[in-house]
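Worksheet: one structure, shown below.
The values are calculated or read from the model by the stated rules, or taken from the named source; none is laboratory data. Model, not experiment: these values are computed from the prediction. Here the Cβ positions follow ideal geometry from the backbone for every residue, glycine too, while neighbour counts run over all protein chains shown. Accessible surface areas use protein heavy atoms only, side chains included; no ligands, DNA or RNA. Shrake-Rupley method; radii C 1.70, N 1.55, O 1.52, S 1.80 Å.
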Amino acid sequence: QEIAALDGLRALAALSVLVYHALSTAGAQIIVGGHDLTWTYFYTESGVDLFFTLSGFLLFLPYARAILGGRVAPIVLEFYRRRALRILPAYYVCLGVVTLMKFSVYATPVGVPTVLAPLVLLHDIAPAFNRTLSGPFWTLAVEWQFYLVLPLIAWGIARVSGGSPRRLIAGVLGACEIHRALLHDHA
């Protein structure tokens with residue numbers, strides 16, 4: 001779903017993450033008036049949370065409209081096809097380049113499981129493989145896993161809401177609470 005203002009906000013969220021990584025990698029220090037304010041750039045890391053939140057909202061929006069309008073939900077296979085075409089080609093190219101660089105340039109041993117876990121976008125689940133090829137790849141794994149469960153979440157919310165806006169909001173909040181509880185139990 002396209003909402004220009006939110007696309008701009010998503011771009012700012014992505015840019016803030018880029019700024020965070022650039023400053024962090026460079027070991028930048030921010031000194032203003034003799035005061036060390038280096039810690040302030042750590043707030044730009046929250047762009048990841050904002051990006052995920054906005055993406056979840058925009059991806060759920062067609063389902064919410066269908067629920068509230070009494071229409072048929074988006075076709076699941078079409079949803080998966082669009083998501084796959086949006087992220088997988090570039091992801092697999094980057095994965096291939098990073099794997100070749102690790103193996104050929106840096107002479108880092110790259111075993112089959114180390115490549116297989118990111119190949120199926122499950123490397124963030126297994127600590128032994130998470131961030132072994134590339135740190136930022138974890139975000140794509142999380143995004144892909146969200147894509148896989150979103151139609152099921154939307155179906156559950158549709159069953160709970162019965163087309164009522166209040167119950168739809170309650171269903172979304174309930175799904176968020178379940179997610180929070182699962183993360184808390186996992187930590």
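Springs between alpha-carbon pairs under 10 angstrom, Gaussian network model over the chain: which of Phe42, Phe79, Phe60 fluctuates most?
Fluctuation is largest for Phe42.
Nothing charged except the Cβ atoms of Lys and Arg (+1) and of Asp and Glu (-1): what's the magnitude of the dipole of the chain about its Cα centre? Round to the nearest 20 debye.
Charge dipole, the chain, about its Cα centre: 660 debye, nearest 20.
Rank these residues by their accessible area, most exposed first, probe 1.4 Å: Ser134, Ser161, Ser24.
Largest accessible area first, the list is Ser24, Ser134, Ser161.
Report, in degrees rounded to the nearest 10, the 0 to 90 angle that the Cα long axis of helix 165-186 makes with the longest principal axis of the chain.
Long axis of 165-186 versus the principal axis of the chain: about 40 degrees.
Add +1 for every Lys or Arg and -1 for every Asp or Glu among the other residues with Cβ under 13 Å from the Cβ of Ala84, and state the total.
+2
At a threshold of 8 angstrom on Cα-Cα distance, excluding pairs fewer than six apart, so keeping six or more, what relative contact order does the stretch 1-143 reach in percent?
Computed over the stretch 1-143, the figure is 16 percent.
As I understand it, the value is the acute angle between the Cα axis of helix 76-100 and the longest principal axis of the Cα atoms of the chain; what does it come to in degrees, rounded to 10?
Once rounded, one gets 10 degrees.
Viscosity 1.002 mPa s, temperature 20 °C: Stokes-Einstein D of the chain from its Kirkwood Cα radius, in µm² per second?
112
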